[in-house]
């Protein structure tokens, strides 16, 4: 730690001025979101309506806590989902085991065509 108040370590989300990171233009064209991405967005609203999630700043804090590797490999809504998982476990709403079990159940159902 340093006493220099101007020092702030960069998290993986802080790409300002870094050369070669996430280069290219942002696609600003209208496009439909895949079903699962709409569900992640709906989850945020549901969690807020139930008082589990306080606001979007809480999602952002979870995203900013991702490892650089996760931040780099995950897409926008995948980061949200990972943030939700951390928040739900940290608040004692669900356990990692419960989440993993539900994911396995859903994968199995999808593989069986349903």
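Some points to look at:
- Taking the fewest neighbouring Cβ atoms within 10 Å as the starting point, the ordered list for 80, 36 is 36, 80.
- Ranked list, fewest to most other Cβ atoms within 10 Å of each Cβ, for 52, 103, 59: 103, 52, 59
- Relative contact order computed over the stretch 54-111 (Cα-Cα under 8 Å; 6+ residues apart), in percent: 29
- An oblate overall shape is assigned to the stretch 54-111, the ratio a/c of its alpha-carbon gyration tensor axes (a ≥ b ≥ c) being 1.5 or greater and a/b not exceeding b/c.
- From least to most packed, judged by other beta carbons within 10 angstrom and beginning with the fewest, 84, 77 follow the order 77, 84.
The numbers here are math on the coordinates, done by the rules we state, and not lab data. Everything numeric in this text was worked out from a predicted model, so none of it was measured. Virtual Cβ from ideal backbone geometry, glycine too; neighbours counted across all protein chains shown.
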